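Here is the structure we will look at.
The values are calculated or read from the model by the stated rules, or taken from the named source; none is laboratory data. Since we're looking at a predicted model, the values are computed, not measured. In this analysis, Cβ positions are derived from the backbone assuming ideal geometry, glycine residues included, and neighbour counts consider all displayed protein chains. Areas reflect the complete protein model, heavy atoms only, side chains present, ligands, DNA and RNA absent. Shrake-Rupley method; radii C 1.70, N 1.55, O 1.52, S 1.80 Å.
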Amino acid sequence: MASDLTPQQQVAHALADGVARIQAAASSDDLKAVLAGLTGKKGSFVAIRSSLGKVADIEERKALGQLVNEAMAELDVATQARAKALRAGEFATQIEADRVDLTELAMSARASRRRGRMHLVTQATERLEDVFIGLGFQIAEGPEVETDFYNFEALNMPPSHPARSMWDTLFIESDVEGSVVLRTHTSPVQIRVMQEWPPPIYAVMPGRVFRKETPDATHMPVFHQIEGLVIDRGITFADLAGTIESFTKAFFGPGFTSRLRPSYFPFTEPSAEFDIRRPDGSWIELGGCGMVHPHVLRAGGLDPNEWSGFAFGFGIDRMAKERHGVEDLRDMYSDDVRFTEQFS
Ligand code: PHE
């Protein structure tokens, strides 16, 4: 300590120096160290206090003592203020460090997770269901593994009926050979619905069907059909034609029309194939239909003298292929997201 300074000057210096060092403290820990330096054994105030003893005049000694106490009090105030400011800053830093940015988290999750798309056949099935629900139909489903009875016999094809060869059947191993099949069409669901639902019946039955086919651009061994069944009193062929026409307009658009061509199915009599005419005049073959055969009504537990009805069935995959201009049916089952992403 410079000896040419008066004790008052020494106190003022020590105070100014102390306040400056307190205010410069960069952290709470730093502040503690500064404080220890000022008030500790080697601190400037300890030296000043001990030098007070050398002041001979009592009044002057008292006044100096007072001055030192005031200076200490000022240091204390400065310390409190600095400590408070440091704590606030450190708290904010701590909060910032602990912060978890959920927005960023959500955004990166969204970016890294690619959204799937509905399969074209699922999209088509849902649209078909919507259209038929709009026409007053209900949706029904049946099993994919069927018995010979439902897939053939109840549909007016007794064992060894030649029409069975219209469908290349895949058989399931069972105790009675040939009695369990992978359904070759959705028509067996007609029988199940007739057995379960009291008439009148207005139902569509979508689902997967199976045939022993080699996959190519227009055939798959596993594909989808939607079956329609109407059973009521006094249903005629005109109701069938009218329903096909309403469906055509509702599903494809007002510019499309339909036509029926005579055909043969064992379970309908008379039977027809129906085609859809595009606005450009070209035709799409869609499916089969006809008036439910009396044998089929009986197999379904209904009296043909009281009830009559019509049925239709067509492939969904080909419709989806047609609608989206897909060249090869096999592409629809490649399970490649880049394919499905093109259509949504
Ligand atoms: N089940 C027939 C088929 O798969 C289609 C069809 C259904 C025909 C209903 C008439 C009535 O080819």
Task: Charge sum, other residues only, whose C-beta stays under 9 Å from residue 181's C-beta, Lys/Arg counted +1 and Asp/Glu -1 - done: -1
Task: Local electrostatic count, residue 326, Cβ distance below 11 Å [Lys/Arg +1, Asp/Glu -1] - done: -1
TODO: On a 0 to 90° scale, report how tilted helix 28-39 is relative to the longest principal axis of the chain, with both axes built from alpha carbons and the result rounded to the nearest 10.
DONE: 10 degrees
Open item on the list: Computing the accessible area with a 1.4 Å probe over protein heavy atoms, can you report the carbon and sulfur percentage for the stretch 52-115?
Closed with: 57 percent
Open item on the list: Given contacts defined as C-alpha pairs under 8 Å and at least six residues apart, what's the relative contact order of the chain, whole-number percent?
Closed with: 14 percent
- [ ] Would you mind telling me the share, in percent, of accessible area of the stretch 227-323 contributed by carbon and sulfur at probe 1.4 angstrom?
- [x] 51 percent
Task: the chain - accessible surface per residue (Å², probe 1.4 Å) - done: 56 Å²
Open item on the list: Pick from 301, 37, 142 the residue whose mean-square fluctuation is largest in a GNM of the chain, springs joining Cα atoms under 10 Å.
Closed with: 37
- [ ] Take the chain, connect every pair of alpha-carbon atoms lying under 10 Å apart with a spring to form a Gaussian network, then pick out the residue of 278, 323, 99 with the largest mean-square fluctuation.
- [x] 99
Open item on the list: If you fit an axis through the alpha-carbon atoms of helix 102-112 and take the longest principal axis of the Cα set of the chain, what angle between them do you get, 0 to 90°, nearest 10?
Closed with: 40 degrees
TODO: Return a whole-number percent for the relative contact order of the stretch 31-154, with Cα pairs under 8 Å and 6 or more residues apart as the contact set.
DONE: 12 percent
Task: Nitroxide proxy distance, nm - points 7 Å out along Cα→Cβ at residue 77 and residue 114 - done: 7.0 nm
Open item on the list: Quick check: the angle from helix 237-252's long axis to the longest principal axis of the chain, C-alpha only, nearest 10 degrees?
Closed with: 30 degrees
- [ ] Please build a GNM for the chain, connecting alpha carbons under 10 Å apart, and tell me which residue among 287, 300, 136 fluctuates the most.
- [x] 136
Task: Net charge, residue 262 excluded, C-beta distance under 13 Å - Lys, Arg +1, Asp, Glu -1 - done: -1
